[in-house]
Amino acid sequence: MGLGKMKVSYIGIGSNLGNRRENIKRVIEILKKDKKVKLLKKSKIYETDPIGPPQRKFLNGVFKIKTEYSPFELLQKMKEIEALLGRKKTLRWGPRTIDLDILFYDKLILRTKDLTIPHPEIPKRIFVLKPLSEISPFLKHPLLKKTVRRLLKEYETN
C-alpha cells in the first residue's frame, strides 16, 4: 500500500495506573517506530475523573494518525500495544496502565461484534470530546452529522 492509500484515524488514549504520563509517551514512541503509522497530531494531555468504580484519575488525550492498517489490523495493533504496556483485563471501566480506542477511521461506519466505528461513546465522553475538539474541531461525526466542536458544546450544556 502506498502513501496515497493511508487512512486518517483518531485514537483515544488513557492511563491511570503506574506512571501515567510515561505510559502515554511509550505509546507515542511505539507508534513513531511503526512504518504503517504516521502520527499527525496529538492533543494536550488532560487529567479527568474516572467512569466506573472509585479509582485514580486518568490522563487522557487523542492522537490523529494516518495508517495503512485496516480497521481490524489497527484494532489488533492497539491491543498489542496495550498488552505490551501491561494492560490486564479487569472489571469494566476499571483501572488500566493504558487504554487505546479507535474513535474514527476516515468516514467509516462499522458495526461488528469486535469493533464499532465511530466509537459509540464519543458524544458522552468529555475526556474524548475536549482533546478531539482541540486538534480537529470541525471533524464531522459520520453518523450524527455534527462537528466535534458542536458535540462538545452540547455535552457542556447538558
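The values are calculated or read from the model by the stated rules, or taken from the named source; none is laboratory data. Remember, predicted model here, so these are calculated numbers, not experimental data. Cβ placement follows ideal geometry from the backbone for every residue including glycine, while neighbour counts extend to all protein chains displayed.
Brief remarks follow.
- Checklist (1) part of a helix (DSSP H, G or I); (2) of a type in the set (A, V, I, L, M); (3) in contact (Cβ under 8 Å) with a residue 40 or more places away in the chain; (4) touching a Leu at 6+ places or on another chain (Cβ under 8 Å) applied to I65, failing item: (1)
- Residue check for L59: aliphatic (A, V, I, L, M) and modelled with pLDDT of 90 or more: yes
- Residue identified as in contact (Cβ under 8 Å) with a residue 60 or more places away in the chain and farther than 18 Å from I122 by Cβ among I81, I24: I24
- Selection from segment 86-118 of residues that are at pLDDT below 95, in a loop (DSSP other than H, G, I, E, B) and within 14 Å of the chain's Cα centre (by Cα): I98
- Residue ID - surrounded by the most Cβ atoms within 10 Å (Cβ to Cβ), chosen from residues in segment 29-47 that are in contact with a Leu (Cβ under 8 Å, 6 or more places away or on another chain) and more than 19 Å from E73 (Cα to Cα): S43
- Boolean, K5 is basic (K, R), at negative phi and at pLDDT 95 or above: no
- Scanning segment 119-141 for residues that are outside any loop (DSSP other than H, G, I, E, B), in contact with a helix residue (DSSP H, G or I) (Cβ under 8 Å, 6 or more places away or on another chain) and either acidic (D, E) or closer than 18 Å to L74 by Cβ (or both) returns I122, V128, L132.
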